[in-house]
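S.K.: Here it is, the structure, as structure tokens.
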Ligand code: CTP
């Protein structure tokens, strides 16, 4: 897990940065925070100190009683010479919210407060999440500044469109949701090629391989994953009704993509078969796009023999129209349209029937309510799996479109509940369970 330095600048969205701290620490990262003096008028330092579990710095001349250490680390015996020790120790510096004023200072290299000085001194990757009034955000000055920061390799997390802080105002400028911010930070952490301000040296070999003190890559059981071939399916299949319509489901592919990213970060050789996934595929993962259950089946059959671990997160349609209609069906002249459906092939069951004993097969079951565990256990047995990951689709706050999930990993030896967390953290728990299963096999 990584050491993340949070920079909070002035804006009403500062309160959302508290949720980012909560999610990131729940996912296992350690955090420290620096604030601009203006930001403390929106959210005081006591809140960030309570959630990070560490002192918050605001002023360049303020002494850091922790001497640059992150939670869980020993403070050094010597007093660091620099007030910038904190950013020197960080794996990532995320500035959220980033006001128009702070963005302008970052662009022009000003160092008039601790946050901007940290940004200028940062050798770690920087993520900037703008939040401001829509007219300010759309102004040529802010857009030109963001363009320049992007060109320097700084990751900008675009703000969202919706209701803004001032009553009645709508538009683009809302700070990205904390779970999305965390997921971008984890993407950047997993890809050390994203660097900081120009002039920052390229990552050392130790950093590139995940070693050294600034390790950006999560340090799990990397040895056990190195070279392991992992096949992940994600998204939901679409079965054509005619040339534009389909029978589909609401799976976004986030869970599968999070699994692929996490397995790659641990050193596995990952192939992702993505059914109608609009998310950016993770860096370094071989990705194939498919649409229908039939295409998913043939891509899986192609890859399955080579894999050591199958994570079958895709939502596969159980039925498809028997005969897709030609062109775009017109409603004129039709009182009713009947579509006859036929079953698709059960991909997982078919693959499990061909499995080698040293392969690990994990299914996913989205079930409704109380009987979910029983249903999932039945599928575990009937499909011949090693474990099945159950999530409750009766819950509106987790699952399909959400950045969060809460699951139970059901194996023959028992059930492990995984508390509500970003999908990246849930993915890590699933991968840990895979290794346990392989070690106990
Ligand atoms: N699955 C599959 N092929 C299908 C249907 C499901 O490979 N045609 C896989 C899914 O990817 C998932 C697991 O089987 O990993 C369980 O999927 P689920 O839809 O819960 O199970 P079904 O067997 O389709 O049962 P039902 O939809 O009736 O609950």
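Derivation of every value follows stated rules applied to the coordinates shown; laboratory data play no part. Everything numeric in this text was worked out from a predicted model, so none of it was measured. Every residue, glycine as well, gets a Cβ built from its backbone with ideal geometry; the counts of neighbours run over all protein chains shown.
S.K.: Could you give the distance between the Cα centres of the range 288-367 and the range 41-108, to the whole Å?
M.R.: The distance from the Cα centre of the range 288-367 to that of the range 41-108 comes to 49 Å.
S.K.: Restricting to DSSP H runs of at least four residues, report the calculated mean residue ellipticity at 222 nm for the chain, -39500 (n - 2.57) per run over all residues, nearest 500 deg cm²/dmol. Walk me through the numbers on the way to the answer.
M.R.: On the way: 15 runs with 142 residues, N = 441.
The helix contribution divided over the chain gives -9500 deg cm²/dmol.
S.K.: Also, I was wondering about something else. Could you please rank 118, 345, placing first whichever residue has the fewest other Cβ atoms within 10 Å of its Cβ? Kindly include the intermediate steps, with their values, before the conclusion.
M.R.: Details: 118 24, 345 15.
So the ranking, lowest neighbour count to highest, is 345, 118.
S.K.: What FRET efficiency do you get for residue 368 and residue 151 if R0 is 35 Å and r is their Cβ-Cβ distance, rounded to the nearest 0.05? Present the calculation step by step, with values, prior to reporting the outcome.
M.R.: Numbers: r = 48 Å, r/R0 = 1.38.
Working from the Cβ atoms, E equals 0.15.
S.K.: Can you give me the distance in nm between label points at residue 112 and residue 319, each placed 7 Å from the Cα along the Cα-to-Cβ direction?
M.R.: Computed distance between label sites residue 112 and residue 319 equals 6.6 nm.
S.K.: Using a 10 Å cut-off around each Cβ, can you sort 66, 225 from fewest to most neighbouring Cβ atoms?
M.R.: On the way: 66 18, 225 23.
Placing the least packed residue first, the sequence is 66, 225.
S.K.: Spin-label point model (7 Å from Cα, Cβ direction): what's the residue 350 to residue 330 distance in nm?
M.R.: Spacing of the two 7 Å Cα→Cβ label points: 3.7 nm.
S.K.: Quick one: 304, 319, 93, 42, fewest Cβ neighbours within 10 Å first, how do they rank? Provide the component values of the computation, followed by the final result.
M.R.: On the way: 304 20, 319 14, 93 26, 42 17.
So the residues, fewest neighbours to most, are 319, 42, 304, 93.
S.K.: For the chain, report the convex hull volume of the alpha-carbon atoms normalised per residue, in Å³, without decimals.
M.R.: Numbers: hull volume 79.8 nm³, N = 441.
Each residue corresponds to 181 Å³ of Cα convex hull volume.
S.K.: With the crude spin-label approximation of a point 7 Å out along Cα→Cβ, what separation in nm comes out for residue 62 versus residue 415?
M.R.: Label-label distance for residue 62 and residue 415, simple model: 4.6 nm.
S.K.: Averaging sequence separations of C-alpha pairs under 8 Å and six or more residues apart, then dividing by the length of the range 3-208, give the relative contact order as a whole percent. Could you put the intermediate results ahead of the total?
M.R.: On the way: 425 pairs, mean separation 42.8, N = 206.
The normalised contact order for the range 3-208 reaches 21 percent.
S.K.: Computed FRET efficiency, Cβ-Cβ of residue 79 and residue 46, R0 25 Å: what is it to the nearest 0.05? Each step should come with its number before you reach the end.
M.R.: Values: r = 25 Å, r/R0 = 0.99.
Computed FRET efficiency for residue 79 and residue 46: 0.50.
S.K.: For residue 242 and residue 397, what does the FRET efficiency come to when R0 = 41 Å and r is the distance between their Cβ atoms, rounded to the nearest 0.05? Present the calculation step by step, with values, prior to reporting the outcome.
M.R.: Numbers: r = 35 Å, r/R0 = 0.86.
My answer for the efficiency is 0.70.
S.K.: Could you work out the percent of alpha carbon pairs in the range 3-208 separated by over 27 Å, rounded to a whole number? List each step's numbers first, then the result.
M.R.: Working: 4988 of 21115 pairs.
Result: 24 percent of Cα pairs exceed 27 Å.
S.K.: Given the Cα-Cα distance of residue 382 and residue 163 and 0.36 nm per residue of separation, how much length would full extension add, in nm? Walk me through the numbers before you get to the answer.
M.R.: Working: separation 219, 0.36 × 219 = 78.84 nm, distance 4.84 nm.
Roughly 74.0 nm would be gained on extension.
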